[in-house]
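What follows is one structure encoded as structure tokens, with my remarks underneath.
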Amino acid sequence: MKRFDISVLGELNSDLILYGLPPVLEPEREHLASDFAMTLGSSSAIFAHNISLLGSRVGFTSCIGGDPLGKFCVERLLESGVDVSGVRCLSNKNTGVTVIVPLGEKRHILTYPGTTFDLQIAHLDLDYLRSAAHFHLLRTRGHACQQETGDVGASNQKYCANRRA
């Protein structure tokens, strides 16, 4: 029997969401939000979190910075039962963050990638990745896959590969 049902390799960052702002933001002026939320961000981390809550055994591989946002992200994954022993901390870097500003029917989405593109082949534990029945890969641009194989193209920025091991 495999250690995990699913092994996920992808980005790990937080989302900061500001609610209740006016529909038009004037430049050079402070605007006060009526509410705020900090949540686990990135599609790969949200997938791992949610599939774990549904009962799957999940291993997660990524990198974070040595900052409170990275710690927050890892704690959210741990709370849902995800094994995070594949997450590497790059202590001299900052974890990525996305600020989401809903304005009426549209959202402004501002992202600082942080460690999103810092994952290297040397950070990967291939035995850990192989220890699952399925492998789920997200956001390959700038990640270890691109470094190994060259440019994967814009259509593969979000790529999911499932395989039976």
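The values are calculated or read from the model by the stated rules, or taken from the named source; none is laboratory data. For clarity, every value in this text was computed on a predicted model and none was experimentally measured. Quick reminder, even Gly has a Cβ in these numbers, built from the backbone with ideal geometry, and neighbours come from all protein chains shown.
Search the range 118-129 for residues being crowded, with 16+ Cβ neighbours inside 10 Å and hydrophobic (A, V, I, L, M, F, W, C), and hand back the single one that is nearest to the chain's Cα centre (by Cα).
L119
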Would you confirm, using the coordinates I've provided, whether K106 is within 17 Å of G10 (Cα to Cα) and surrounded by fewer than 16 Cβ atoms within 10 Å (Cβ to Cβ)? no
Which one is surrounded by the fewest Cβ atoms within 10 Å (Cβ to Cβ) among residues in the range 25-58 that are in contact with a strand residue (DSSP E or B) (Cβ under 8 Å, 6 or more places away or on another chain) and over 22 Å from Y112 (Cα atoms)? S34
Residue by residue through the range 78-105, note down the ones that are out of contact with any helix residue (DSSP H, G or I) (no Cβ under 8 Å at 6 or more places or on another chain) and farther than 13 Å from L18 by Cα. L78, E79, D83, S91, N92, E105
Could you say which residue among L40, L90 is touching a residue at least 24 places away in the same chain (Cβ under 8 Å), under 12 Å from the mean Cα position of the chain (by Cα) and closer than 27 Å to F4 by Cβ? L40
Which pairs do you get when a residue that is within 14 Å of L12 (Cα to Cα) and in contact (Cβ under 8 Å) with a residue 12 or more places away in the chain, found in the range 114-128, comes within reach of a residue that is part of a helix (DSSP H, G or I) and aliphatic (A, V, I, L, M), reach meaning Cβ atoms under 7 angstrom, with the pair 6+ apart or on two chains? L119/A144
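Yes or no, residue by residue, for (1) of a type in the set (D, E, K, R); (2) part of a strand (DSSP E or B); (3) under 19 Å from K93 (Cβ atoms); (4) at pLDDT 95 or above:
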position	(1), (2), (3), (4)
M1	no, no, no, no
D5	yes, yes, no, yes
V8	no, yes, no, yes
S14	no, yes, yes, yes
I17	no, yes, no, yes
P22	no, no, no, no
L25	no, no, no, no
A33	no, no, no, yes
T39	no, yes, no, yes
Scan of the range 21-40 for residues that are closer than 16 Å to H108 by Cα and of a type in the set (V, I, T), ordered by number: V24
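Among helices (runs of 4 or more DSSP H) lying entirely in the range 65-162, which contain 2 or more residues that are modelled with pLDDT of 90 or more?
68-79, 126-130
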Hey, can you tell me all the residues within the range 64-103 that are exposed (fewer than 13 other Cβ atoms within 10 Å of the Cβ) and in contact with a Phe, Trp or Tyr (Cβ under 8 Å, 6 or more places away or on another chain)? S85
